[in-house]
Amino acid sequence: QVRLVESGGGLVQPGGSLRLSCVVSGSIFSPNTMGWYRQAPGKRRELVADINNAGTTNYAGSVKDRFTVSRDYAKNTVFLQMNSLKPEDTAVYYCNFVQFNWNHWGQGTQVTVSS
């Protein structure tokens with residue numbers, strides 16, 4: 001079994017920063033990919049950014065140059081550094097872990113960008 005535990009969401013003003021963390025535990029094998037998705041009210045869940053175990057990253061166009069995804073391989077943790085946040089970044093952010101083409105999800109953490 002695989003378990004994902006997220007932390008770091010909250011309320012931030014436009015232009016501010018937040019850092020999300022997600023610890024993945026359980027039966028972890030390579031290759032795998034860790035990343036973040038988000039879902040705003042009334043919208044579909046969408047990929048924000050991900051990083052595979054070779055360190056290759058992938059970003060949604062709307063967050064490129066503002067968000068950075070990274071991993072601590074020793075601690076099986078994935079991070080999402082979010083800078084220059086905009087109100088349209090408001091959503092529930094979900095940690096995602098993929099191995100053997102199977103998706104595992106965290107419980108989600110709310111990020112609200114508002115003045």
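The values are calculated or read from the model by the stated rules, or taken from the named source; none is laboratory data. For clarity, every value in this text was computed on a predicted model and none was experimentally measured. Glycine also receives a Cβ, built like all others from the backbone with ideal geometry; neighbour counts cover every protein chain displayed. Heads up: the accessible areas ignore ligands, DNA and RNA and are worked out on the full protein's heavy atoms, side chains in. Shrake-Rupley method; radii C 1.70, N 1.55, O 1.52, S 1.80 Å.
P31 meets each of the listed conditions (1) loosely packed, with under 14 Cβ neighbours inside 10 Å; (2) at pLDDT 95 or above apart from (2). Being touching a strand residue (DSSP E or B) at 6+ places or on another chain (Cβ under 7 Å) and not in a strand (DSSP E or B) is true of V63.
Listed by first and then second residue, the pairs linking a residue in region 94-105 that is touching a residue at least 12 places away in the same chain (Cβ under 8 Å) to a residue that is open to solvent by 100 Å² or more (accessible area, probe 1.4 Å) and in a loop (DSSP other than H, G, I, E, B), with Cβ atoms under 6 Å apart and 6 or more places separating them unless they lie on different chains, are Q99/F29.
Do we find that S84 is at pLDDT 95 or above and assigned to a loop (DSSP other than H, G, I, E, B) in this structure? For S84, the condition - at pLDDT 95 or above and assigned to a loop (DSSP other than H, G, I, E, B) - is met.
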